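Participant: Structure below; questions to follow.
Read the figures in this text as sums done on the coordinates, not as results from a lab. Since the model is a prediction, treat every value here as computed from it, not as a measurement. Note: ideal-geometry Cβ built from the backbone for every residue, glycine included; neighbour counts use all protein chains shown.
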Amino acid sequence: MKRPRAGLFFKYFAFIGLLVSAGLVASGAIGLYFSYQETRNSLVSLQREKALTAAVRIEQFLRDIESQLGWTTLPMVTPNQEPMEARRLDFLKVLRQLPAVTEVTHLDGKGREQLMVSRLAMDRVAAGTDFSADPRFVEARKSRTWFGPVYFRKETEPYMTISIPEARDRPGVTAVDVNLKFIWDVVSRIRIGQKGLAYVVDDKGFLVAHPDISLVLRKVNLSNLPQVKEALAAKPDALWNEPAEARDVNGVRVLATRVDGADAKALREVADQQRDKLKSGVIVLAGVEGDKIALVSMVTPDLVGKFNAGKIVGEVAKAIGGKGGGRPDMAQGGGSEPQNLDAALARVFDLVRG
C-alpha cells in the first residue's frame, strides 16, 4: 500500500517540477525578449540622436558660410573705388576667412560672369560666360539663398554651390563653391560603440562624408544599402516626425536626452525642431563635448504657467557641477561633470512630476 503512495507522490512532484521549470523558462524567455526590445529601442534612439546631431552641425556649417557671405553683398561705401577691384578684395577676404570655399564668382544683373577668384585656377575678369539660365543665378535672383545639389569635382571631391543675391545697387549674384570634405571632421567624431559610425550621402546615395575619407574620394555609391534606401525614400522632414524618447509624465510630454557632440547653437536648433513637433511639452537637451556640457531647456507656451525652463535647467546644471537660467520658455546652462549627466536628466521627469 505504501509503494503506490510513493509513486503517486513522485508523479505529482515531477509534474509540479515540470510546471515550475516551464514557468521559469517562459519567464526567462519573456524577460530576454523585453530586454532585447528595450536594448534595440535604446540603440535606435541613440542612432537617431547621432544622426540628428550630424545633420544639425552640417546645416550650421553651411549657414555659417551663408552668413559670412552676407557682408560681400553690402552697398559700396567708397564711391571713388573701382567696383571690380572692390569685389576682388572682398572675394579674397572670403577665401581667407572660409577655408572650405575654393571659388567665389560674381555674376552681373544679366547672369554673365564678371569676376572669378579661385584657389584652384587662375582668376578670371570679365569672362562673360552666360549663367542666365543656371539655377545659381535664377534662384538667387528670387531674393533668397540657393543651396545647390552635391556634385563631384573631377569625379572625386564632393562640392556644393551656394549663391546669394547682392544689394540693390549691385544687382548681380555672388556664388561660392564649397568643398564638402570639411564635413569629414563632423562625422569622424561621431561614434556609436566600438564599431558604429556616421556617414553622409547625397540624394543619389553617393558618399559625401565618411570617417574613411578615401571612400569619399572614390565616389562610393551606397544607394543599395537598406538604411540608405529608406532614408532617400523618406520625406525631407521625416527625421523630425517622431521626437526621440518623449515620455508622458502626468499628461505632460517630456523629452530629456543627450545629443553628444552638439554645441549650444546646435542644441537650440534641435530643441526648436523638437518643440514644434511635440506641440506641447517640456524639453531638456544636453550636448557633450569632452568634459564640457551645454544645456538647453524649452517649455511650450501652453505650459509656461506650470513649468519654468530657467528653474528646470538650473536644477539640471547644478547636478553636473554648473549653473544655468533664463526665461520661463527657454533657458540655457552648462556643467563639467558628464559622469553625473544621466542622473541629472532623469531628474527632469521628477521635476515635472512634482
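Participant: To the nearest 0.05, how large is the calculated FRET efficiency for Glu82 and Ala231 if R₀ is 56 Å and r is the Cβ-Cβ distance?
Facilitator: Efficiency at R0 = 56 Å is approximately 0.70.
Participant: So what J values fall out for region 105-110 if you push phi through Karplus, 6.51 cos²θ - 1.76 cosθ + 1.60 with θ = phi - 60°, rounded to Hz, Gly and Pro as x?
Facilitator: Karplus-based 3J(HN,Hα) across region 105-110 equals 10, 10, 10, 6, x, 9 Hz.
Participant: Also, quick follow-up: Need the C-alpha centroid separation for region 127-188 versus region 263-285, integer Å.
Facilitator: A separation of 30 Å, based on Cα centres.
Participant: What percent of all Cα-Cα pairs in region 66-179 falls in each 5 Å bin, counting up from 0?
Facilitator: Taking every Cα pair in region 66-179, the percentages come to 2, 12, 24, 26, 23, 10, 3, 1, 0.
Participant: Here's a follow-up. Give, rounded to the nearest 20 debye, the magnitude of the charge dipole that region 79-176 has about its Cα centre when Lys and Arg contribute +1 at Cβ and Asp and Glu contribute -1 at Cβ.
Facilitator: Roughly 180 debye, rounded to the nearest 20.
Participant: Related question: Across region 338-354, in residue order, what do the Karplus-derived ³J(HN,Hα) couplings come to in whole Hz, using 6.51 cos²θ - 1.76 cosθ + 1.60 with θ = phi - 60° and x for Gly and Pro?
Facilitator: Here the 3J(HN,Hα) series is x, 5, 9, 5, 4, 5, 5, 5, 5, 4, 4, 5, 5, 5, 6, 5, x Hz.
Participant: Roughly how big is region 243-353's charge dipole about its Cα centre, with Cβ charges of +1 (Lys, Arg) and -1 (Asp, Glu), in debye to the nearest 20?
Facilitator: 360 debye
Participant: Right, next: Would you pull out the residues with amide H under 5 Å of Asp123's amide H, same chain only if 5 or more places away, H placed 1.01 Å from N?
Facilitator: Ser118
Participant: Quick check: convex hull over the Cα atoms of region 264-310, volume per residue in Å³, rounded to an integer?
Facilitator: With only Cα atoms used, region 264-310 gives 64 Å³ per residue.
Participant: Let me ask something else about it. Computed from the mean reciprocal separation of all distinct C-alpha pairs, what Kirkwood hydrodynamic radius does region 269-352 have, in Å?
Facilitator: 12.4 Å
Participant: I would also like to ask the following. In sequence order, what are the phi-derived ³J(HN,Hα) couplings for region 209-221 according to the Karplus relation 6.51 cos²θ - 1.76 cosθ + 1.60 with θ = phi - 60°, rounded to whole Hz, with x for glycine and proline?
Facilitator: With the stated coefficients, region 209-221 comes to 8, 7, x, 8, 5, 5, 5, 5, 5, 8, 6, 6, 9 Hz.
Participant: Next question. May I ask you to derive the FRET efficiency for Arg353 and Ala127 from their Cβ-Cβ distance with R0 = 41 Å, giving the value to the nearest 0.05?
Facilitator: Computed FRET efficiency for Arg353 and Ala127: 0.05.
Participant: Same structure, new question: Going by amide H atoms built from the backbone, whose H comes under 5 Å of the H on Lys323, apart from near neighbours?
Facilitator: For Lys323, the qualifying residues are Gly334.
Participant: Among Lys93/Lys181; Lys142/Lys229; Lys181/Lys318; Lys181/Lys323; Lys219/Lys292, which pairs are too far apart, with a Cα-Cα distance over 29 Å?
Facilitator: As for pairs spanning more than 29 Å Cα to Cα, those are Lys142/Lys229; Lys181/Lys318; Lys181/Lys323; Lys219/Lys292.
Participant: Around Asp329, which amide H atoms from residues at least 5 apart in sequence, or from another chain, sit under 5 Å from its own amide H, with H modelled in the peptide plane?
Facilitator: Residues meeting the criterion, in which the H sits 1.01 Å from N, are Ala309.
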